[in-house]
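Before any comments, here is the structure.
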Amino acid sequence: MSRMHDSGGSCSSNQSISIVWFRRDLRVEDNPALAAGVRAGAVVAVYIWAPEEEGPFYPGRVSRWWLSQSLHHLDSSLRRLGTSLLTKRSLDTASTLLEVVQSTAASNLFFNHLYDPLSLVRDHQMKELLTSQGVTVHSFNADLLYEPWEVNDENGQPFTTFVPFWNRCLSMHYDPATPLLPPKRIIPGDTSRCPSDILIFEDESEKGSNALLARAWSPGWRNADKSLTAFVNGPLIEYSANRRKADSASTSLLSPHLHFGELSVRKVFQLVRMKQLVWANEGNKSGEESCDLFLKSLGLREYSRYLCFNHPYSHERPLLAHLRFFPWVIDEGYFKAWRQGRTGYPLVDAGMRELWATGWLHDRIRVVVASFFVKVLQLPWRWGMKYFWDTLLDADLESDALGWQYISGTLPDGRELDRIDNPQLEGYRCDPNGEYVRRWLPELARLPTQWIHHPWDAPEPVLQAAGVELGSNYPLPIVEMDAAKARLQDAVAEMWQLEAASRAALENGTEEGLGDSSELPQIDRSLEADMEVEHEQLTNNISVRRHQDQMVPSLTSSLVRVEEEEASVASVRASDSRAEVPSPTDYELQSHREATGQAARHTADADADADAVAFRGANVTQQLSPVRLDHAEHSAGQSSGSLRESGVVPVWSPPPTSSCSGLFVNDDAGITNSGYLDRHLHSRRRMNWGQLPQTTMYLAFTTSYGRTRSWEMDNAIG
DNA sequence: CCCTCCTTGTC
DNA sequence: ACAAGGAGG
């Protein structure tokens, strides 16, 4: 029906057709690529789903759920404006784009920038390909206040610490671009020869869990906008006082919206700045400070992009090489206890259960559980990153990499590696009345506040009165704090020793680089070689240490034990009404089945293995109206009821398929772009990665596009 | 007014 | 653990 209309209306010879390629910019407001397309004439809006290209960064279940909702929302908006969203399933984005261009007779391609390492490479290549085919390609900044290459120190060098970076952003001599209004009307391009594919983002097994998410969150740019307004007019003014409270009432909850670009950071920035002016004029000091603090968490999001652009491998390799020599504890039992919220530290456990149930976690709590993971359990940081990637609604490669590096002490301005965050102390800071713990750990609900963050110290009668039986219905601490401190000292000392030895070897000129693990102790090699032995030990819960960064445990290595363990966990679970916890068995078996067959299935579960978390502003971010899954009151007495009510969300998102699992057994293998990464390993001195080489991608951009010209010129379109 | 001790926050 | 900022001498 629309065909004749289209050819008559939109395709007159003096109007060019533009492809507007949506990615993580799922909004019509302040979308420069869309605006450029509209200005140039007719528009074909397209979204391409090519998750295989993401390799190990295949989106987790909750991310895919959000994406599907958000795309739907965007499509509705586009329809109201006169067009619709063309959706394509693809294994190769560039060729699909070319196909779309050709079948719609488009002459332009517009899109907005992404800064994660995979996109940087892919977009660059795609741009070259399409340009060589005679397509005019322009790209824009829709995600940041300032492009990473715009913000430099007085020597023209990129910043290597956050505070100076952010101060510079706040004092640039020009303002961030003013947000664009949504187009009034979009002239549709003719897509009759380019039909949409139906995109599938969830499989049957995931539907139930996803339905629960829908009760708590409303994806889509209009909802994002509402949330923003509600936050700015509501909790923002109290932000400085409330931001460290563990529950989400005072946070914006905007982070998933920001991740998918449903919300323009420039709009957020502008709005908050205006509020700040008002409050400053009124002499409202705390309101003014609240704005600063909130903007700072926006700044961290900016900084995560900035770091990724300047150091694209930071998601898989610590920026400071020393962490490669940390003797990680390879213990999947620890890993499992952490995931399930059964470490014996209430704040940690409450956080892990909230994460599981809601797909969200307060920034503070992210720091606490991640720090516990790395420093107390000493599990390889990338395992934790992978888990966050799979479970967080706002999973975001750049922010997550920043967060984990921050707590692992591999940023110049990060936390010291040897400083343990004590969950007990943190607990009384961000959950002084124990409400948060009681909500998520009903088994501790009747414990007095005095003991709520350290039940192991509570006198026996108190425990009894509260119905707590340590070691039975709530675990004893998985590792004692004093022991953890000592262990960490040793590990760090060992790490520095090895690092020094490696550097010495390097300076002697005998070794080419750190990529070669032959410098590492023999024991490491033998462990690599003898997986059987290692598994035997693990079964008996004896920790094995391994150096070098560790990839996530392979599918096969965890499959065996899980089943027997599940049985015991299940029996415990049956006896109390505690929140359900991930039970990997189902999905592992299922996805193992899939792995053996259908490689290119649309269903979303293929190879999700990855790193990344979203520390980005858990503070900043996220503002949704009724965000809680369990809205039942969390009065101490009946919190178990409220948890049951919440239903909880128990399907851990998919593990690696066979096609990828090989990558995770061997450290440093694979990851899509490891080729260029491996060529750029450098050992640098501690706290001095300012001298790290600019990476390949950075150079590619600056040479082939001209560092300052390229994307600026793009912006001058129209 | 300055010095010191205590409190507070750390991307 | 440590630095910065505030209170108090």
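Numbers at a glance
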item: Check on A:D203, open to solvent by 30 Å² or more (accessible area, probe 1.4 Å), within 30 Å of A:V100 (Cβ to Cβ) and touching a residue at least 60 places away in the same chain (Cβ under 8 Å); result: no
item: Sole exception among (1) surrounded by 21 or more Cβ atoms within 10 Å (Cβ to Cβ); (2) modelled with pLDDT under 95; (3) among the hydrophobic types (A, V, I, L, M, F, W, C) for A:L118, by number; result: (1)
item: Some residue of the range A:400-416 being open to solvent by 10 Å² or more (accessible area, probe 1.4 Å) and farther than 30 Å from A:R24 by Cβ; result: yes
item: Residue match in the range A:366-389 (condition: away from DNA strand B (no atom under 12 Å from the Cβ), among the polar types (S, T, N, Q) and under 11 Å from the mean Cα position of the chain (by Cα)); result: no
item: Residue, surrounded by the fewest Cβ atoms within 10 Å (Cβ to Cβ), within the range A:133-190, restricted to residues that are among the polar types (S, T, N, Q) and assigned to a strand (DSSP E or B); result: A:T136
item: Among the candidates A:D394, A:D400, A:D413, A:D421, residue that is assigned to a helix (DSSP H, G or I), of a type in the set (D, E, K, R) and either touching a residue at least 24 places away in the same chain (Cβ under 8 Å) or within 14 Å of DNA strand B (Cβ to nearest atom) (or both); result: A:D400
item: Which listed residue, of A:Q405, A:Q378, is polar (S, T, N, Q), outside any strand (DSSP E or B) and out of contact with any strand residue (DSSP E or B) (no Cβ under 8 Å at 6 or more places or on another chain); result: A:Q405
item: Test: residue in the range A:278-286 that is open to solvent by 10 Å² or more (accessible area, probe 1.4 Å) and either of a type in the set (A, V, I, L, M) or touching a residue at least 60 places away in the same chain (Cβ under 8 Å) (or both); result: yes
item: Per-region count, the range A:296-318, residues more than 10 Å from DNA strand B (Cβ to nearest atom), open to solvent by 10 Å² or more (accessible area, probe 1.4 Å) and more than 13 Å from A:E398 (Cβ to Cβ); result: 1
item: Qualifying residues in the range A:328-370 (those that are within 16 Å of DNA strand C (Cβ to nearest atom) and surrounded by fewer than 23 Cβ atoms within 10 Å (Cβ to Cβ)) - the one modelled with the lowest pLDDT; result: A:R364
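The values are calculated or read from the model by the stated rules, or taken from the named source; none is laboratory data. Everything quoted here is computed from the prediction, not taken from an experiment. So basically every Cβ, Gly included, is an ideal-geometry build from the backbone, and we count neighbours across all protein chains shown. The area values use the complete protein model at the heavy-atom level, side chains included, leaving out ligands, DNA and RNA. Shrake-Rupley method; radii C 1.70, N 1.55, O 1.52, S 1.80 Å.
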